[in-house]
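Have a look at the structure below before the remarks.
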Amino acid sequence: MKKLKVILYFPPDKTDRPFSYYLVKDYDLVFNILQAEVQPGKRGRLTVELEGTEENIERALEFARQNGVEYRPFNKNIVRNQGECMDCGACIAICPSGALYMDPIDWKLYFDESKCLVCELCLRACPVKAIDVNMFV
């Protein structure tokens, strides 16, 4: 099984279709909605993590493209330098997905990459610049 994070961009005339239904039913994909900004009749954006066979993911993305839904795979990720981090928590309040969190037992800062939306808000919030972005192809 493969996992892939993508951002789907819906034109205004496509936001009223049950797109996620087709991903599950026709392409046997498991998906996790990480962020959604979709309203009927307006341009929409859906950030999802798709899980399934490589072939089914490719087929589903082709279905999206053929139906006017553009997509962009995540091509970067957030990296936290634990040696530089002071565990101050300045980044926690700004993180919309909860990927950065403080453990109430040891008061250490932790990062759950699977929840990260790569919005890069944490980069600006970190006072010691212990957070960076890696680009990959």
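Numbers below:
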{"item": "The range 94-133, subset closer than 15 Å to Glu84 by Cα and of a type in the set (Phe, Trp, Tyr), residue surrounded by the most Cβ atoms within 10 Å (Cβ to Cβ)", "result": "Phe111"}
{"item": "Check on Cys116, over 24 Å from Asn32 (Cα atoms), touching a strand residue (DSSP E or B) at 6+ places or on another chain (Cβ under 7 Å) and in contact (Cβ under 8 Å) with a residue 24 or more places away in the chain", "result": "no"}
{"item": "When residues of the range 23-44 are limited to those that are surrounded by 12 or more Cβ atoms within 10 Å (Cβ to Cβ) and in contact with a helix residue (DSSP H, G or I) (Cβ under 7 Å, 6 or more places away or on another chain), the one farthest from Glu70 (Cα to Cα)", "result": "Asp28"}
{"item": "Enumerated strands (runs of 3 or more DSSP E) restricted to the range 1-77, each holding at least 3 residues that are touching an Asp or Glu at 6+ places or on another chain (Cβ under 7 Å) and not aromatic (Phe, Trp, Tyr)", "result": "2-10, 30-37, 44-52"}
{"item": "Top-ranked residue of the range 107-137 - restricted to ones that are closer than 12 Å to Asn77 by Cβ and among the aromatic types (Phe, Trp, Tyr), ranked as modelled with the lowest pLDDT", "result": "Phe136"}
{"item": "Single condition Glu55 does not satisfy, out of (1) closer than 20 Å to Asp13 by Cβ; (2) loosely packed, with under 12 Cβ neighbours inside 10 Å; (3) not polar (S, T, N, Q)", "result": "(1)"}
{"item": "Output for the range 78-110, where each listed residue is closer than 21 Å to Leu50 by Cα and either of a type in the set (S, T, N, Q) or not in a loop (DSSP other than H, G, I, E, B) (or both)", "result": "Ile78, Ser97"}
{"item": "Qualifying position, being of a type in the set (Asp, Glu) and in the same structural domain as Gln35 (by TED's automatic domain parsing), among Glu84, Glu58", "result": "Glu58"}
{"item": "In the range 32-49, residue nearest to Met1 (Cα to Cα) [restricted to those that are within 10 Å of the chain's Cα centre (by Cα) and touching a residue at least 24 places away in the same chain (Cβ under 8 Å)]", "result": "Glu49"}
{"item": "The range 102-113 residues that are over 19 Å from Val133 (Cβ atoms), paired with ones that are assigned to a strand (DSSP E or B) (beta carbon under 7 Å, 6 or more apart)", "result": "Met102/Leu109; Asp103/Tyr110"}
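The values are calculated or read from the model by the stated rules, or taken from the named source; none is laboratory data. Remember, predicted model here, so these are calculated numbers, not experimental data. Neighbour counts are summed over all protein chains in view; Cβ atoms, including those assigned to glycine, are modelled from backbone coordinates with ideal geometry.
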